[in-house]
1. Could you give each residue of region 9-14 its phi-based ³J(HN,Hα) in whole Hz, using Karplus coefficients 6.51, -1.76, 1.60 with θ = phi - 60°, and x for Gly or Pro?
2. What does the highest-first list of 40-46, 14-20 look like by mean Cβ count within 10 Å?
Amino acid sequence: MAKRFRPNMIHIYLHPEEDKFVKDYAESNYLTVSELIRGWIHETMKSEGIDIKEPTLPKILIRRTK
């Protein structure tokens, strides 16, 4: 069985009206479409009671930026 799932990528087929809505909504809110969808997923996870941990920079990079 071939590996078809890419862990950091999602492919969604949208109706043209849905596609236009998502793009227009993202643009009007100064977001990329991926930021918009990721935000929607986070809100759904929160409403389901799932604790979301945002990624942080490794300690080495934090020290370099100071």
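1. Working through the residues one at a time gives 9, 10, 10, 10, 8, 10 Hz.
2. 40-46, 14-20
Every number here is computed from the coordinates shown, using simple stated rules; none is lab data. Since we're looking at a predicted model, the values are computed, not measured. Methodologically, a virtual Cβ is constructed for each residue, glycine included, from the backbone with ideal geometry; neighbour enumeration extends over all protein chains shown.
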